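Below is one structure, written out as structure tokens; comments come after it.
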């Protein structure tokens, strides 16, 4: 499946004009990335303004954000357009705003419509899951700079996303990939020997596979460093999140999978490293704070002064690194094998994981069943022949979710 089929013609990508105020569209504005991005934008009004917002079902928060930023267009996954309009009317009345009337979009396609909204310079895709694929493609086809925090859309879309993106149009926002992008400025592509993606180790660093069998949902959500949503936090605990990040690094930077490795760094101060052919390793370090990669992503390639606090080297501290226990955490090697198998294997990997995470939090499977289910279903998957397309990705996902549901019910 080497061919790629793209259904929509794309507008040419024109990088934002240096020094201008960038109009930013936020996809997932009510989530963790979106709310932090709004703080970054509010703190730098000389650099950013809001072009459009798309949120989930929290209409009250979305409406408050819309009125506060005067976003010209607002979308919600909530299917009731009237409910969105009422929420914005109420928020405007509470803020004593009488002259605000944005374009409104509602339903499953709202995020995609907002991502393609023309009056924007940058789109930040901060939603979680493979539902981010359509907004990612819409933003790229609209010719916008895409600051990508939704790693799943690149991972499941793979060649589709890369084919749609012009050189320089796709900018990473994950802290690890932002770190790699910064470190890669230190040399030419030919001088890169290895990418090293750091992992905090999550709440179960040092645990054996046997110990992981009895993990509870509450334990899986107790991440020692980052404050994330249910799915990403659970993925971090299982190392599935790091597995997805390794594949994302491979796709973003065109480095072979056998030259990308993960290393455990509990302090989460070094966000990733690049090793060059002369033996030099360049690391990007900063206290764990998503404001920095968000600001750099929407302002790329320019840095935003004061976006986050720097490391304080006047205080004694120690940073440690240790190898990942691949026996207890096989998710990364499994993802590498899946990525190499076909263009849609990672869509299956991601979809099965999402189903298994939900089953784990529902209390119907063990923690270790998450990755074991992914492995079992990947072994039974045979990709359909033909060109890679959005339809073939969605078909692979549908098959994976249906197959996972049957297997999970039997556990």
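Read-outs throughout are calculated quantities, based only on the coordinates presented, and are distinct from any laboratory measurement. The structure displayed is predicted, hence computed values, not measured ones. Here Cβ is always computed from backbone atoms with ideal geometry, including for glycine, and neighbour counts include all displayed protein chains.
Between residue 68 and residue 216, what length comes free when the chain is fully extended (0.36 nm per residue of separation minus the Cα-Cα distance, one decimal in nm)?
On the way: separation 148, 0.36 × 148 = 53.28 nm, distance 3.95 nm.
Here the segment from residue 68 to residue 216 would lengthen by 49.3 nm.
Using just the helices of the chain, give the 222 nm mean residue ellipticity in deg cm²/dmol: DSSP H runs with n ≥ 4 each add -39,500 (n - 2.57), and the total is spread over all residues, rounded to 500.
Numbers: 17 runs with 174 residues, N = 411.
Only helices count here, giving -12500 deg cm²/dmol.
Take each of the peptides 50-57, 79-86, 129-136, average the number of other beta-carbon atoms within 10 Å over its residues, and list them starting from the highest. Display every interim value, and only then the final one.
Values: 50-57: 24.4, 79-86: 14.9, 129-136: 22.8.
Those peptides, ordered most packed to least, come out 50-57, 129-136, 79-86.
Sorted by average packing, counted as other Cβ atoms within 10 angstrom per residue and highest first, what order do 245-254, 334-343, 215-224, 170-179 take?
170-179, 245-254, 334-343, 215-224
Under a plain spin-label model, where a point goes 7 Å from the Cα along Cα-to-Cβ, how far apart in nm are residue 119 and residue 376?
5.3 nm
With a bin width of 5 angstrom, please list the P(r) values of the stretch 49-100 as percents of all Cα-Cα pairs, from the 0 bin to the one holding the largest distance.
Pair shares across the bins are 5, 24, 36, 25, 10, 1.
Taking the beta-carbon count within 10 Å as an exposure proxy, list 47, 303 from fewest neighbours to most.
Numbers: 47 19, 303 12.
Taking fewest neighbouring Cβ atoms as first place, the list is 303, 47.
Rg and Dmax of the chain, Cα atoms, in Å?
Here Rg and the maximum Cα pair distance are 20.9, 62 Å.
How large is the Kirkwood hydrodynamic radius of the stretch 187-281, counting all unique pairs of alpha carbons, in Å?
14.5 Å
Using Stokes-Einstein with the Kirkwood hydrodynamic radius over Cα pairs, what translational diffusion coefficient do you get for the stretch 22-172 at 25 °C and a viscosity of 0.890 mPa s, in µm²/s rounded to a whole number?
Diffusion coefficient, whole number: 163 µm²/s.
If packing is taken as the average number of other Cβ atoms within 10 Å across a peptide's residues, how do 364-372, 320-328, 288-296 rank, most packed first? Numbers along the way, then the final one.
Details: 364-372: 19.1, 320-328: 12.9, 288-296: 22.7.
In descending order of packing, they fall as 288-296, 364-372, 320-328.
Hey, what does the equivalent ellipsoid look like for the stretch 342-410, semi-axes from the Cα gyration tensor as sqrt of 5 times each eigenvalue, largest first, whole Å?
Square roots of five times the eigenvalues give 23, 10, 9 Å.
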